[in-house]
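Take a look at the structure below.
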Amino acid sequence: MRDDEMPDPEHDWLDRDAGPVVRPYMMTGGRVRPAVGGFDLVAFVVAAVASGDGRAEGLQPEHRQILRMSQEPISVAEVASYLDLPLGVVRVLLADLLTAELIAMHEPSSAPSFPEDDILKAVVNGLRAL
């Protein structure tokens, strides 16, 4: 955009170097928490529809970008990195897509259980014997 095409410089949403700036809360409609899902950083997102699916037409550009990226499994952290958006914003956008059944989430398996006390005591006793 040329300087003579720039809107009035007194607008807060305008940055002379970057052009119009959309704040992250505008992408989420002011929401700060996802309506569904916890979206662990290492959870994988996979599109449930093809990138050219007609249901994606009415979505925001960021939603469509996520759908394109997630044609192959991609982690939540990678989505945030590629979109260069805060993680909270990405989680809200992912919740929108999950609610619309346009993506599927694959959460990491839970942490393995700790060994039983008897095993730990045996290890400590063995180390003391050394």
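Here are some notes:
- Measuring r between the beta carbons of Ala77 and Ala100 and using R0 = 25 Å, the FRET efficiency lands at 0.65.
- Relative exposure of Phe39, Phe114, judged by other C-beta atoms within 10 Å (fewest first): Phe114, Phe39
- Potential extension, Ala48-Glu107 segment - 0.36 nm per residue separation minus Cα distance: 19.7 nm
- Computed over segment 29-129: relative contact order in percent, which uses C-alpha pairs under 8 Å that are six or more apart: 40 percent
- Per-residue packing, averaged as other Cβ atoms within 10 Å, sorts the ranges 61-72, 85-96 into the order 85-96, 61-72, beginning with the highest.
- FRET efficiency, Leu41 to Asn125 (Cβ-Cβ, R0 30 Å, nearest 0.05): 0.20
- Taking amide H positions as modeled 1.01 Å from N, with prolines and chain starts lacking one, the residues under 5 Å from Ala48 and 5 or more places away or on another chain are Ile103, Ala104.
- Net charge of the neighbourhood of Ser81, taken over other residues with C-beta under 14 Å away and scored Lys/Arg +1, Asp/Glu -1, is -2.
- Prolate/oblate/rounded label for segment 29-129 (Cα gyration tensor, a/c 1.5): prolate
FYI, it's all coordinate maths here, none of it is from the lab. Bear in mind the structure is a predicted one, so any value in this text is a computation, not a measurement. For neighbour counting, all protein chains shown are included, and Cβ atoms are generated from backbone atoms with ideal geometry for every residue, glycine included.
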